[in-house]
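Report on the structure given below.
The values are calculated or read from the model by the stated rules, or taken from the named source; none is laboratory data. Because the structure is a prediction, the values reported are computed rather than measured. Because the Cβ atoms are built from the backbone with ideal geometry, glycine has one as well, and the counts that use them run over all protein chains shown. Quick note on the areas: whole protein, heavy atoms, side chains included, nothing else; ligands and nucleic acids left out. Shrake-Rupley method; radii C 1.70, N 1.55, O 1.52, S 1.80 Å.
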Amino acid sequence: MITLRRSNQRGAANHGWLDSRFSFSFAEYYDPRFMGFRSLRVINEDRVAPEGGFPTHPHRDMEIITYVLEGALEHKDSLGTGSIIRPGDGQRMSAGTGIRHSEFNPSKTDPVHLLQIWIMPDKNGHEPSYEQKTFPEEQKRGKLRLIASPDGSDNSVTIHQDARLYVTLLGPDQEVRHPLAKNRHAWVQVAKGAVELNGQKLSQGDAAAISNEPSVNLKGAEDAEVLLFDLA
């Protein structure tokens, strides 16, 4: 079964410095039909204006992944981490018992376009931690590159949940296939471009929840960047 979540069906908020689209209920946007999918709780598509950003704020008991599509995002947290997240990076922050952080667009001229992803942890009370790795384009071009997993396999960042996040870059007519094991589910998020998902057209911002399907088959309709979550 494939349930489509079209881009124009998402929640939205525009604060001037921040323009957001919400795949699931978040902040003032509430839809009881879209409270998350399996352990996936938040996918926000954010565009942050030059020199805009999120001031220091707290999180706890959540696995937070920041995936930058264009521009750069500066991260600082109460663990002492200071980093710049750029396209191609996989960044994970485990909030655990509590962490405070800020995110800021350091550019004076260019906006930053990103996906903010929250995954519920396998249990509460993990020790807060941070991890960031770079995944070159050639590792994602025409193939599914694992960037986050519960065991850090294939040099991915480690999350405290039975969930795996893959990213692929597809050109027109390029195809990738991901088999779904029994009792596994998938969420597909089109970050850029357009693809066919098991024969159904998805464009930028569109998504799909997938259950009881033997595989996820993606075919590029144009140059595309796609995130695929394999979920318990």
Pull out all pairs, ordered by first then second residue, where Cβ-Cβ is under 6 Å, the residues are six or more apart or on different chains, the first lies in segment 31-60 and is open to solvent by 40 Å² or more (accessible area, probe 1.4 Å), and the second is part of a strand (DSSP E or B) and among the aliphatic types (A, V, I, L, M). ARG38/LEU231
For segment 214-230, pairs from a residue that is open to solvent by less than 50 Å² (accessible area, probe 1.4 Å) to a residue that is of a type in the set (S, T, N, Q), with Cβ under 6 Å and 6 or more apart or across chains, are GLY220/GLN174; VAL226/THR168; LEU227/GLN189
Of everything in segment 182-195 that's open to solvent by 10 Å² or more (accessible area, probe 1.4 Å) and touching an Asp or Glu at 6+ places or on another chain (Cβ under 9 Å), which residue is farthest from GLU225 (Cα to Cα)? ARG184
With the structure loaded, tell me whether ILE85 is open to solvent by less than 80 Å² (accessible area, probe 1.4 Å), over 19 Å from the mean Cα position of the chain (by Cα) and free of Cβ contacts under 8 Å to residues at least 60 places away in the same chain or whether it fails that test. no
I need the full set of residues from segment 101-117 which are assigned to a strand (DSSP E or B) and surrounded by 15 or more Cβ atoms within 10 Å (Cβ to Cβ), in order please. HIS101, GLU103, PHE104, VAL112, HIS113, LEU114, LEU115, GLN116, ILE117
Can you list the strands (runs of 3 or more DSSP E) found entirely within segment 125-232 that contain at least 1 residues being in contact with a strand residue (DSSP E or B) (Cβ under 8 Å, 6 or more places away or on another chain), at pLDDT 95 or above and charged (D, E, K, R)? 129-134, 145-149, 163-170, 175-179, 185-192, 194-197, 200-203, 215-220, 224-231
Verdict on GLU137 being touching a residue at least 12 places away in the same chain (Cβ under 8 Å) and open to solvent by 60 Å² or more (accessible area, probe 1.4 Å): yes
Checklist (1) touching a Leu at 6+ places or on another chain (Cβ under 7 Å); (2) under 20 Å from LEU231 (Cβ atoms); (3) open to solvent by 40 Å² or more (accessible area, probe 1.4 Å); (4) of a type in the set (Ser, Thr, Tyr) applied to TYR130, failing item: (2)
Going through segment 155-204 one residue at a time, which ones are free of Cβ contacts under 8 Å to residues at least 40 places away in the same chain, among the basic types (Lys, Arg) and farther than 27 Å from ARG47 by Cα? LYS182
Here is a check on your reading of the model: is LEU169 crowded, with 18+ Cβ neighbours inside 10 Å and more than 14 Å from the chain's Cα centre (by Cα)? yes
The conditions are (1) at pLDDT below 95; (2) open to solvent by 60 Å² or more (accessible area, probe 1.4 Å); (3) of a type outside the set (D, E, K, R), and GLY90 fails exactly one of them. Which is it? (2)
Check whether at least one residue in segment 5-25 is exposed (fewer than 15 other Cβ atoms within 10 Å of the Cβ) and part of a strand (DSSP E or B), and report yes or no. yes
